[in-house]
């Protein structure tokens, strides 16, 4: 795609500065809006980024408050153009999530990729959160151009305690291991993508990943 | 999990012909500030040398240095794609929000949390534990006992380090940065007993700091359980090469990112 026009959703979920900066380094135009009311026309946008850090429940209520949940589910997904959720943004694409919800009941997510967000189960007394660089292993059976020119065990930067358990393994493009646990590090359902890692903080490989996404 | 190698950038303010500017300094036992150059260009060098994260600390940490710290964070996050943790005199949620907005990935709280421990609860519930790093500066009192010092190492709080480490994690800190004040800038190795006792006491990632002089010191720190090791002095020594340091660490059987696999 030539000169993508990228909308970075500002839902007040932490740092969007470095996400914006990483897209500014690519050949594309960036918009950041805190509310979908500010979008004049969908024709002006080719790609959407949903960044975020924090808890699932707070993330969903922030999206709802600003009208983004309705916009993503109805307007954006209807026209079927690419979307990338990063970290919490990826988790919010799930059907539901555990974090920050009251005991026994789960919070509903954007429901774009079937699955549930659970606490990462660790083994060998490994510390939580899972912070640092870890290998992203692309799943042979779910090939995607999002992985073009990326090595199979390349290191990306992670900071999280919860993981996206997909219901359908066909939606897990890549996995990462923490101790003996394998969790989904890249999800996709059609043109809706999500990464548990932070491509904007993953140096050269992250840059290549972002440019692959912009090629959709 | 790959262990992290983390260069530490420490700032003070310097009067120049057009106002105050941040300059990078090295410290020895938290004093004796030695200027070593420009923050932004050094941050770029660290990224090129495959830094796993960068720690940025404002050693002044007052109202005068605050806007300069914010500008510095913004400048770094605009040019780098490396995770950035920022601290220095943080006392309230507004400051944390401002740093996250400018591009910090994690904030580092020290004295502010000792004076108001509830700050940790509030910050972690609002932004998530994963972006709250608690920094603890320690001096050994006797065998197996270290005390927490606040205000840039100048005031003894009398609190035992291990008790404080457990408390901050209970309150929601997602990571601990532990620095040995005596070992700082000495280049004679980390305080391994201190690191080991904290690693055993809590189950969040521990970043150890203070004392790395040669590559072997990093290996020693990872072997006692540090998830990351931060160093200022080491990365500015002309005779040390961070890329070779990584190979040395990898050759000792410690998992670490190598340039070969990052291309």
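The numbers here are math on the coordinates, done by the rules we state, and not lab data. In this text, all values refer to a predicted model and were calculated from it rather than measured experimentally. Please note: Cβ atoms are built from the backbone with ideal geometry, for glycine as well, and neighbour counts cover all protein chains shown.
Quick notes
- Over the protein assembly as shown: helical MRE at 222 nm, DSSP H runs n ≥ 4 each giving -39500 (n - 2.57), nearest 500: -7500 deg cm²/dmol
- Kirkwood-based shape ratio for the protein assembly as shown, expressed as Rg/Rh from alpha carbons: 0.96
- For chain A, the convex hull drawn through the C-alpha positions has a volume of 112 cubic angstrom per residue.
- Among beta bridges that DSSP assigns inside chain B, antiparallel share in %, nearest 5: 35
- Cβ crowding within 10 Å ranks A:93, A:128, A:44 as A:44, A:128, A:93, fewest other Cβ atoms first.
- Kirkwood-Stokes translational diffusion coefficient of chain B, alpha-carbon pairs, 10 °C, 1.306 mPa s, µm²/s: 87
- Once the chain from residue A:141 to residue A:24 is taken as fully extended at 0.36 nm per residue, the excess over their C-alpha distance is 38.8 nm.
- Rh by Kirkwood over Cα pairs, then Stokes-Einstein D for the range B:187-233 at 0.692 mPa s and 37 °C, µm²/s: 318
- Relative contact order of the range A:5-214: 19 percent, from C-alpha pairs under 8 Å at least 6 residues apart in sequence.
- Whole-number D in µm²/s for the range A:153-216 (Stokes-Einstein; Kirkwood sum over Cα pairs; 10 °C, 1.306 mPa s): 128
- Among beta bridges from DSSP that stay inside the range B:131-219, the antiparallel ones total about 45%.
- Note on A:71, A:76: ascending count of other Cβ atoms within 10 Å places them as A:71, A:76, the fewest first.
- Across the range B:4-254, Cα pairs under 8 Å and at least six residues apart give a relative contact order of 16 percent.
- Alpha-carbon Debye profile of the range A:1-129, log10 I(q)/I(0) at 0.09, 0.10, 0.14, 0.21 Å⁻¹: -0.27, -0.34, -0.63, -1.25
- Ranked list, fewest to most other Cβ atoms within 10 Å of each Cβ, for A:195, B:145, A:176, B:133: B:145, A:176, B:133, A:195
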